[in-house]
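Peer 1: Quick one: the structure is below, questions incoming.
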Amino acid sequence: MALCKNQTSSNGEDEMLAEKLLLNVLIILLPIFIHSVLFDNKSVGKSPYLCGVLQSLAVFLSLAFSFEEGGLYWDLRYVPMVLAFLYGGPIAGAMVLVSYLATRTFMGGDLLLGYASGFLAALIPFMFMKKFWTFDAKKRIRTTVLVGLWPSLSMLLILVANIFLNDATAEDTNQIMMNVGIFGAIQVFAVWVAAILNESLIEKDLMRKEILRAEKLNTLGELAASIAHEIRNPLTVVKGFLQMMHKQEKGDNYYYLSLVLTELGRAESIINDYLNFAKPQFEKKEDAELAEIITEVTLLLEAFAAKEGVQVNVQLEWGVYVKTDRNQLKQALVNIIKNGIEATDEGGEVNISQVSAGNESYVVISDTGKGMDSAQIARLGTLFYTTKDKGTGLGTSVSIKIIEAMGGTISYKSERGVGTEVTIILPTYKQKPSDHTEQTQMNNAI
């Protein structure tokens with residue numbers, strides 16, 4: 001009878017623990033909902049201080065609604081600390097840690113144990129904090145869950161030590177281990193759900209920025225196309241008459257007319273870039289060998305690379321074809337490779353490699369130049385943005401438009417002082433290499 005009574009009591013305690021911990025889960029999700037409803041579209045929403053305040057509130061409420069059994073308190077107080085350090089940064093994490101210590105002091109009890117467990121719980125997320133944002137969204141979720149396990153492990157170690165120090169009975173030990181199991185499962189669930197919701201907020205913010213950027217680019221593109229089209233017609237007439245005068249001129253004005261024609265040609269080139277930015281014109285789509293197009297582009301840039309003192313190394317795979325307008329693809333590649341050459345100091349290298357995988361080909365263009373930081377990479381392709389001293393930024397924008405119009409993708413990876421790597425993925429198909437291309441296949445150097 002006593003055994004049945006104890007069994008019933010144990011089950012009731014387990015249910016109470018689960019109920020309290022599930023209430024803690026709602027408390028942990030509360031800051032995310034408050035942020036999404038009240039601060040989502042505001043600049044203060046990105047403040048680490050706001051994150052610190054909201055997660056500190058979650059810590060306080062978790063402690064306030066903890067489950068007490070045998071002098072032990074069961075709650076998810078450490079989860080907001082993990083989230084604050086990983087998603088809010090050191091300021092938010094420190095605010096939550098201080099709030100935890102203050103609340104724990106106010107509650108009383110074994111303060112030394114409470115302080116020690118708090119600092120232990122903050123240690124691992126603090127160590128992962130900087131590396132955390134180098135991961136993609138899925139890996140960030142996995143990392144958050146794994147880091148969130150650390151407080152459960154520290155709690156388990158503390159409880160095991162408590163069992164041995166207090167000579168707990170087998171029944172008490174089993175009850176404590178059952179509580180640890182329930183606690184660990186619910187804590188992992190809470191961290192997982194909170195990480196997913198945080199990532200959804202980040203993705204929502206990125207999508208909103210991308211939509212705004214697309215709307216701006218679309219408006220600018222339409223405006224640029226209409227203006228450029230209207231300007232190009234009278235410019236062509238002026239250029240024609242100046243060319244006639246240039247041929248007839250033999251005196252001092254010959255030099256000045258040459259300069260004027262050069263600048264008109266540059267203006268015409270910029271206007272064409274604007275038109276291509278608005279909408280790339282694929283006048284004639286044809287089957288073209290990708291390696292052949294890359295070879296033609298590198299030959300065109302050979303003199304420019306030699307003048308800059310930069311070596312261009314090419315590694316190609318022949319027999320791979322792409323359906324495109326050759327001139328448009330060549331223009332995109334010229335812009336990208338030329339940017340790499342211009343960014344590289346004398347004596348440096350620009351490496352071009354092309355390899356196919358299935359129905360796609362990867363064209364990787366890397367340089368040993370000055371590189372870019374994450375903020376500069378994020379702005380690449382934006383109209384009027386350039387890292388050069390002179391330029392409009394149209395070349396990169398046009399190249400991205402052309403690659404995307406072909407159904408391909410382009411991505412940038414760069415590091416300051418190391419260089420930049422541009423990866424272009426194009427839809428391709430294979431044919432048997434022709435005889436004349438077999439002689440010039442791999443490891444060409446210009």
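The values are calculated or read from the model by the stated rules, or taken from the named source; none is laboratory data. Bear in mind the structure is a predicted one, so any value in this text is a computation, not a measurement. Backbone-built Cβ (ideal geometry, glycine too); neighbour counts: all protein chains shown. Heavy atoms of the whole protein, side chains included, go into the accessibility calculation; ligands, DNA and RNA do not. Shrake-Rupley method; radii C 1.70, N 1.55, O 1.52, S 1.80 Å.
Peer 1: Ranking request for peptides 110-120, 349-359, 81-91: highest mean number of other beta-carbon atoms within 10 Å first, then the rest in descending order.
Peer 2: On the way: 110-120: 15.0, 349-359: 16.9, 81-91: 24.3.
Ranked from most to least packed, the peptides come out as 81-91, 349-359, 110-120.
Peer 1: List the lysines whose Cα lies under 23 Å from the Cα of residue 130, skipping any in the same chain that are fewer than 8 positions away.
Peer 2: The qualifying lysines are 46, 138, 139, 204, 413.
Peer 1: A further question on this structure: Can you tally the net charge around residue 353? Count Lys and Arg as +1, Asp and Glu as -1, for every other residue whose Cβ sits under 13 Å from the Cβ of residue 353. Provide the component values of the computation, followed by the final result.
Peer 2: On the way: positive: none; negative: 317, 349, 367, 421.
My count for the surroundings of residue 353 gives -4.
Peer 1: Computed FRET efficiency, Cβ-Cβ of residue 131 and residue 30, R0 25 Å: what is it to the nearest 0.05?
Peer 2: Numbers: r = 28 Å, r/R0 = 1.12.
Once the sixth-power term is evaluated, E becomes 0.35.
Peer 1: Net charge within 15 Å of residue 301 by Cβ-Cβ distance, Lys/Arg positive one each and Asp/Glu negative one each, not counting residue 301 itself? Mind showing how you got there, number by number?
Peer 2: Values: positive: 307, 330, 338; negative: 296, 302, 308, 342, 349, 367.
Taking every other residue near residue 301 into account, the sum is -3.
Peer 1: Moving on to the next point. May I ask you to compute the full-extension gain from residue 201 to residue 64, defined as 0.36 nm times their residue separation minus their alpha-carbon distance, rounded to one decimal in nm? Display every interim value, and only then the final one.
Peer 2: Working: separation 137, 0.36 × 137 = 49.32 nm, distance 2.78 nm.
Result: 46.5 nm gained on full extension.
Peer 1: Mind ordering 247-259, 25-37 by average Cβ neighbours within 10 Å, highest first? Spell out each step's value before the answer.
Peer 2: Numbers: 247-259: 10.5, 25-37: 17.4.
Averaged packing, sorted descending, gives the order 25-37, 247-259.
Peer 1: OK, next. What figure in square angstrom, to the nearest 10, would you give for the accessible area of residue 133 with a 1.4 Å probe?
Peer 2: 120
Peer 1: Sticking with this one: Considering only region 278-361, what is the antiparallel percent among its DSSP beta bridges, to the nearest 5? Walk me through the numbers before you get to the answer.
Peer 2: On the way: 6 of 11 bridges.
Counting only bridges with both partners in region 278-361, antiparallel ones make up about 55 percent.
Peer 1: Can you work out the FRET efficiency for the pair residue 302 and residue 42, with r the C-beta to C-beta distance and R0 = 56 Å, to the nearest 0.05?
Peer 2: Values: r = 53 Å, r/R0 = 0.95.
Efficiency at R0 = 56 Å is approximately 0.60.
Peer 1: Using amide H atoms built 1.01 Å from N in the peptide plane, name the residues 5+ places from residue 371, or on other chains, whose amide H lies under 5 Å from its own.
Peer 2: 417, 419, 420
Peer 1: If I take every Cα pair under 8 Å that is 6 or more residues apart in region 66-115, average their sequence separation and divide by the length, what percent do I get for the relative contact order?
Peer 2: Working: 28 pairs, mean separation 9.9, N = 50.
The value is 20 percent.
Peer 1: Which value in Å is the Kirkwood Rh of region 58-102 over different Cα pairs? All intermediate terms of the calculation are to be shown ahead of the outcome.
Peer 2: Working: mean 1/r = 0.0923 Å⁻¹.
With all distinct Cα pairs of region 58-102 included, I get 10.8 Å.
Peer 1: Beyond 28 Å between alpha-carbons counts as too far, so tell me which of 131/370; 209/285; 285/401; 370/430 fall in that bin. Don't jump to the answer; show the numbers that get you there.
Peer 2: Details: 131/370 23 Å; 209/285 33 Å; 285/401 16 Å; 370/430 36 Å.
Pairs exceeding the cut-off: 209/285; 370/430.
Peer 1: Quick one: work out Rg over Rh on the C-alpha atoms of region 12-113, Rh as Kirkwood radius.
Peer 2: Numbers: Rg = 14.4 Å, Rh = 14.1 Å.
On the Cα set of region 12-113, Rg over Rh gives 1.02.
Peer 1: If amide H atoms are built 1.01 Å from N in the plane of the peptide, which residues on other chains or at least 5 residues away come under 5 Å of the amide H of residue 325?
Peer 2: 286
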